[in-house]
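A.B. asks: To start, I am sharing the structure in question, which I have written as structure tokens.
Values in this text are rule-based calculations from the coordinates and carry no lab data. Worth saying up front: this structure is predicted, and the values here are computed from it rather than measured. Here Cβ is always computed from backbone atoms with ideal geometry, including for glycine, and neighbour counts include all displayed protein chains.
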Amino acid sequence: MTTLPAADAPIPIFTTLQDLYGSVTTALKHAERWDELAREFEIKFGHKPTYIARAPGRVNSHTTGEHIDYAHFGVFPAAIEHDILIACAPQSMSTTITHTSTNQPGSVVAENLHTRYTRQVFTPTRRHTVGDDVLQGAVRVAPWHLDIDKSELRWESYVKAGYYGVLNHFFTPSSASPVPVPVEILVTGNVPAGSGLSSSAAMVVSSTLAFLAINGIFDGEDAPTKGELVNIAMENEKRVGVNSGGMDQSASVIALPGSALYVSFAPSLHAEPIVLPRNAVLVCANSLVISNKAENARHQYNLRVVETLGAARVLSNYLNLEVDSTDGKTTKRHLVTLREVLARKGNFYRDEQDAQQEDLTQLRKGLEDMLKGKVLDYLLPRIEGRTGVTLDEMIYMSGMDKTEFMEVYLSWVDVETTHFELYLRAKHVFEEALRVLQFREVCSAGGESKLQTLGKLMNDSHESCDKQFDCSHSKVNDLVQVARSFSEMETGRGKGKVYGSRVTGAGWGGCIVCLVHREDVDAFIVHVKKRYAPYEGMSEEDLANWVFATEPGMGACG
Ligand code: NG1
Ligand code: MG
């Protein structure tokens, strides 16, 4: 078993398209996009780009790992070949002439090849009075400021989010770096937006890389490692208003071709490539319901973050766990995760803090004990017939006073609800975390004959996402049914071999991922295209964007 030192490996410098995309055929398919980007850059800005940064989307390759990254449980994603490319160069004289406001330190002229997204020009400002920038309870000083509109999701917000991190990590008052250079960038991408394939993380990661490269940081002494880039990209994504975990950014940065990644977040970020069985192919199909992070999905997502953190706080109170720190006079409350509650309850938290990596045997036993026992019942309301609790009930169960609870748990996030499903959400998280370990074990043992087992784990994950985490959608469920019905079809080699299907990504729309036997992939794709009602009347060319097989691809590079 090889262990990838996620936190230490350098970000690779792109060599050939074949290294990036795996096979010659796939590389050729993408070569035209790279050429077009460079050509268009020259047309728009009058000179060639200096760098092209690339970051892929991700699919949650396996069974599960949905909505558990922000509870700090390990996940099992893979990068897909679909990616975001950003060509960039320092601003030229011609830009200064056409845009008088530019050519100031760090100013940006951003264009997108997609005609829907218009040209944006913006300049970061230095804060004269150093302001506090609150990130999930952790206070961080931000000397640079960029306006990021969180009320609607604009394409340039992701570019800005990536840039913000670069500015505030590498152009600090104490750093030796000079001011950032004025930049021109051109963006193109083929990761479908709002589809659970993590287009947002791909945008943020590629933007972070582009600004690192153009400022000479990417190949300079201060170059961040892959692990550092993941951490910066995670913080950056929060600036768009989604308090996401680190799964997408890890996959987008660290992924290696041909394998999925087991990524763990405790005690620190760690990634290990795991090869999927040779005959297991993942097919994505898009429900065509946009999972709109600016509207419903963002509120739902942030609410799930609060529900899982709230559940962890309530459990730590019930179990009397020492999760806060004190100087003898005042107590400092921390945002405890469900992963930490499990480790403290199972008495392996302290060992973990000294270890490089988590102990999977201990973790598995902890999860099994938690799910067997009665502890989770404490999250239920005392009133028969309800599963969720009110805000006041949650606060009472947390053992904290109201002002303190509101400050620590709700001041940094927008959630609009009076009702919190602590029990169902926590149960999903623990079960899902266990499924990830089971899936990982089967793959590590060379799971060729175990495709059924893997498929069952995926199906169970979907049920739990739908019923307990409430993050599916009726159309997504229809598409899952269409996919599963392939197993009733005669293919000439027996019944269709689809083993499992489930929603992938945040949910509330977006894509499903299906585990299909390699020899049945083409027939399966035809089956889904023909039977999912919203695809009716679409051209083959359009359908190819909505239903496709993916091979695990390579992570970000510059
Ligand atoms: P998508 O839907 O791909 O954006 C989101 C989160 C992940 C993870 C999944 C659910 C972001 C950037 N990413 O993924 O961290 O929590 O949902 O498993 O919001
Ligand atoms: Mg996303």
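A.B. asks: For the chain, what is the calculated [θ] at 222 nm in deg cm²/dmol (nearest 500), taking -39500 (n - 2.57) for each run of four or more DSSP H residues and dividing by its residue count?
C.D. replies: It lands at -12000 deg cm²/dmol.
A.B. asks: Follow-up question, since we're still on this one. Can you pull the three principal axis extents for the Cα set of the range 238-293, in Å, largest first?
C.D. replies: Here the spans come out as 37, 36, 15 Å, largest first.
A.B. asks: Something else now. May I ask you to list, by number, the DSSP H helices of the chain whose Cα span along the axis is at least 30 Å and whose average Kyte-Doolittle hydropathy reaches -1.0 or more?
C.D. replies: Counting only whole DSSP H runs, the qualifying helices are 24-45, 296-318, 422-444.
A.B. asks: Taking the alpha-carbon centroid of each part, what is the distance from the range 233-279 to the range 149-191 in angstrom?
C.D. replies: Using only Cα atoms to place each centre, the spacing works out to 21 Å.
A.B. asks: Would you please give the residues with an amide H less than 5 Å from that of Val183, counting only those at least 5 places away or on a separate chain, with H modeled from the backbone geometry?
C.D. replies: Distant-sequence amide H within range of Val183: Gln91, Ser107, Val108, Val109.
A.B. asks: Counting only C-alpha contacts under 8 Å and six or more residues apart, can you give the relative contact order of the range 301-426 as a whole percent?
C.D. replies: That works out to 37 percent.
A.B. asks: Would you mind giving the three semi-axes, in whole Å and largest first, of the ellipsoid equivalent to the chain according to its Cα gyration tensor?
C.D. replies: So the equivalent ellipsoid measures 36, 32, 21 Å along its semi-axes.
A.B. asks: While we're looking at this one, here's another question. Quick one: if you stick a label point 7 Å off each Cα along the C-beta vector at Thr115 and Leu380, how many nm between them?
C.D. replies: 5.9
A.B. asks: If each residue of separation counts as 0.36 nm, what is the full-extension length gain between Gln104 and Ala445 once their alpha-carbon separation is subtracted?
C.D. replies: 117.1 nm
A.B. asks: Using a 10 Å cut-off on Cβ atoms, rank the peptides 251-261, 144-154, 339-349 from the highest mean neighbour count down.
C.D. replies: 251-261, 339-349, 144-154
A.B. asks: Over all directions, how big on average is the projection of the convex hull of the alpha-carbon atoms in the range 303-381, in square nanometres?
C.D. replies: 6.4
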